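Working notes, beginning with the structure itself.
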Amino acid sequence: MPQRLVIGNWKLHLTAAEAVALASAVAEGLGGFEWDPARVGVGIAPSYPFLVPVGQAIGGADARVDLVAQACHPEPQGAFTGAVSVEQLASVGVRRVIVGHSERRRVFGVDDPQVTRTVNRVLGAGLSAVACVGETLAERDSGRAREVVLGQLDAVLEGVKGSALGRLIVAYEPVWAIGTGQVATPAQAGEVHGWIHERLASFDPNGSQVPVLYGGSVKPGNIAELASTPGIDGALVGGASLEAESFLKIVQGVLKAS
Ligand code: 13P
């Protein structure tokens, strides 16, 4: 059975002081209930400038909460103004990097070849990649969800070499469910998670151990149903991760279902 995980993607939100306060509240809150990171891993992804203070707030190198970056550039160094490399992220204690989020694809022009290269670089540096896939509403309505999701997944898998697969996490985030309050039904999400798990298992014998998270309007009120759906191994949470209370409730929901 793949590991269960809950990752908070803070996107472009919070000031430095707010980010540190939220990280501290999450770390403290997790101490308040029976949380075992081996059962449900928890990660938080602040904006780049706050990685260092947030990393310190959650306990530095020994932190039980994973420090996660929202993106990275595939090149290790060079004339790439505004970009951040995986080596730089690793040097400040980042353990996982979100790759190919739909907002990176839509707003910043990240495409499948770049996703392939970035997954390869992140895994090659010994970090874990949280690779995002998901269809738009138009693609779903035209019956192309499977083709789109598996096409994106194939680009992710092209970047995976050998045992690095053990550090891959996939997140299914239907674009129409992100920030809209319109969560995928357990049946809709379960179907797509099934396709993804199937493709991972045919890619490699260890593919069945790759966690597949669901993302898109995950809230305390819908996590129980989602987390108990076969094939859903956890959540990538946007809006509801910006308050410690709702994020912790989602972690508890996944713990209960595991
Ligand atoms: P919301 O939970 O705000 O819908 O965002 C989901 C997401 O994009 C997480 O990466």
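Okay, residues lined up against (1) within 29 Å of residue 64 (Cα to Cα); (2) in contact with a Pro (Cβ under 6 Å, 6 or more places away or on another chain); (3) in contact (Cβ under 8 Å) with a residue 12 or more places away in the chain:
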site	(1), (2), (3)
100	yes, no, yes
107	no, no, no
112	no, no, yes
138	no, no, no
151	no, no, yes
154	no, no, yes
166	yes, no, yes
170	yes, no, yes
Selection count where residues are closer than 21 Å to residue 12 by Cα and part of a strand (DSSP E or B), scope the stretch 176-212: 0
In the stretch 21-73, residue farthest from the chain's Cα centre (by Cα) [restricted to those that are part of a helix (DSSP H, G or I) and of a type in the set (Val, Ile, Thr)]: 52
Count - residues of the stretch 95-121 that are within 16 Å of the ligand (Cβ to nearest atom), surrounded by 22 or more Cβ atoms within 10 Å (Cβ to Cβ) and hydrophobic (A, V, I, L, M, F, W, C): 4
Unique match (being touching a Phe, Trp or Tyr at 6+ places or on another chain (Cβ under 9 Å), more than 12 Å from the ligand (Cβ to nearest atom) and closer than 30 Å to residue 92 by Cβ) among 212, 156: 212
Tally, over the stretch 213-239, of residues that are closer than 25 Å to residue 167 by Cα, open to solvent by 10 Å² or more (accessible area, probe 1.4 Å) and among the small types (Gly, Ala, Ser): 3
Top-ranked residue in the stretch 160-193 [being among the hydrophobic types (A, V, I, L, M, F, W, C) and away from the ligand (no atom under 16 Å from the Cβ); ranked as farthest from residue 117 (Cα to Cα)]: 187
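The values are calculated or read from the model by the stated rules, or taken from the named source; none is laboratory data. Keep in mind the model is a prediction, meaning the values are calculated, not measured. Ideal geometry is used to build each Cβ from the backbone, glycine not excepted, and the neighbour counts take in all protein chains shown. Accessible surface is based on the protein model in full, side chains and every heavy atom, while ligands, DNA and RNA are left aside. Shrake-Rupley method; radii C 1.70, N 1.55, O 1.52, S 1.80 Å.
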